[in-house]
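The block underneath contains the structure these notes are about, expressed in structure tokens.
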Amino acid sequence: IQASKIQQSLLPEKGFLSNLEIDYMYKPSDMLSGDMFDAFKINNDNIGVYVADVVGHGFASSMVTMFIRLLIRNLSVAKLLKPSKTIGEVNKRFAILNLDIEIYFTFFYGVYNRKTGKFIFSNAGHFPSPLLYDGENLVNLETTGFPISRFFAGVEYEDYYINLDCSDKILFMTDGVTETENRKKEPFGTERIGKILKEKSVDELELINKELMDFLYAEQKDDITALLIKVW
């Protein structure tokens, strides 16, 4: 319980961070979660956002989430402004820990510049990809990249970018959301989520949570995390 309280205390505040509105749902399947996410100011113009999903549950996974959180908050501004470099550094420092080869995590990291509206991002094997809704189209921010693992130490990552406008929103998730199954063993998927993002302009996560809980059959097997960011 104490470790769980510490983990929860590391989550960002809901509400406004500069001109971004932050909301999230966070439902560990167990006392401790293998999911971690954050939204934080890098400097006056740039905001960093990430979501990570550590394989497995329990104490070891939760410790890795805390390692991610502390490491990101302690990297230099120069590294944090270039997502591919950030992910490369995380991969390098994770490899130094020399943990068991089966402990690894996926990691999606992006930087939003409030002056230019540019969102630069890079992905270390994180799935599902974030969903962007720009008021007309639903865009999957799909990219490639290996997970953060001792097995893939030293691999390079790429940067991608899009421009965000006022009222655009991005939903970052872990696979606990999309892979939740119903009685027929069908996954929740992204279609229902996309529909809610299109049709609702407030309380999207409340509705996603309600639909997810109605859909879920038996007990929750994986951590469920979703982070919603809106541009104002």
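The values are calculated or read from the model by the stated rules, or taken from the named source; none is laboratory data. Small disclaimer: the values here were computed from a predicted structure and weren't measured. FYI the Cβ positions are ideal-geometry reconstructions off the backbone, even for glycines, and counts take in every protein chain you see. Please note that ligands, DNA and RNA were not included when accessible areas were found on the heavy atoms of the full protein model with its side chains. Shrake-Rupley method; radii C 1.70, N 1.55, O 1.52, S 1.80 Å.
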Fill in the blank from the handout: Among helices (runs of 4 or more DSSP H) entirely inside the range 19-119, those with 1 or more residues being within 29 Å of Ile208 (Cα to Cα), without any contact (Cβ under 8 Å) to a residue 40 or more places away in the chain and among the small types (Gly, Ala, Ser) are 58-73
Practice task
Name every residue in the range 145-189 that is more than 16 Å from Val54 (Cβ to Cβ), open to solvent by 50 Å² or more (accessible area, probe 1.4 Å) and hydrophobic (A, V, I, L, M, F, W, C), in order of residue number.
Solution key: Ala153, Cys166
Fill in the blank from the handout: Conditions (1) open to solvent by less than 60 Å² (accessible area, probe 1.4 Å); (2) farther than 23 Å from Phe127 by Cα -> Val51 fails only (2)
Handout entry: So Glu89, is it in contact with a helix residue (DSSP H, G or I) (Cβ under 8 Å, 6 or more places away or on another chain), among the acidic types (Asp, Glu) and over 18 Å from Lys169 (Cβ atoms)
Key = yes
Completion exercise
All-but-one check, Leu11 against (1) touching a strand residue (DSSP E or B) at 6+ places or on another chain (Cβ under 7 Å); (2) assigned to a strand (DSSP E or B), failing number (2)
Problem - Total residues in the range 126-140, condition under 19 Å from Lys198 (Cα atoms) and surrounded by fewer than 19 Cβ atoms within 10 Å (Cβ to Cβ) - result: 8
Practice task
Please find, within the range 1-16, the residue that is least open to solvent (accessible area, probe 1.4 Å) out of those that are more than 17 Å from Phe40 (Cβ to Cβ) and polar (S, T, N, Q).
Solution key: Ser4
Handout entry: Among residues of the range 120-137, those that are in a loop (DSSP other than H, G, I, E, B), touching an Asp or Glu at 6+ places or on another chain (Cβ under 6 Å) and of a type in the set (S, T, N, Q), counted
Key = 1
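Rundown of residues vs (1) over 30 Å from Ala3 (Cβ atoms); (2) at pLDDT below 95; (3) out of contact with any Gly (no Cβ under 6 Å at 6 or more places or on another chain), yes/no style:
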residue	(1), (2), (3)
Asn46	yes, no, yes
Ala52	no, no, yes
Met63	no, yes, yes
Val77	yes, no, yes
Lys82	yes, no, yes
Lys85	yes, no, yes
Asn98	no, yes, yes
Leu132	yes, no, yes
Handout entry: Residue tally, condition touching a residue at least 24 places away in the same chain (Cβ under 8 Å) and more than 12 Å from Val177 (Cβ to Cβ), over the range 207-217
Key = 1
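A quick yes/no check of all residues on (1) within 28 Å of Gln8 (Cα to Cα); (2) under 17 Å from the mean Cα position of the chain (by Cα):
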position: Ser149; (1), (2): yes, no
position: Gly154; (1), (2): no, no
position: Ile224; (1), (2): yes, yes
position: Leu227; (1), (2): yes, yes
Exercise for the section: State whether one or more residues within the range 41-48 are crowded, with 18+ Cβ neighbours inside 10 Å, of a type in the set (D, E, K, R) and closer than 20 Å to Ala226 by Cα. Expected result: no
Practice task
Answer yes or no: is there a residue in the range 118-130 that is among the aromatic types (Phe, Trp, Tyr) and closer than 21 Å to Ser76 by Cβ.
Solution key: yes
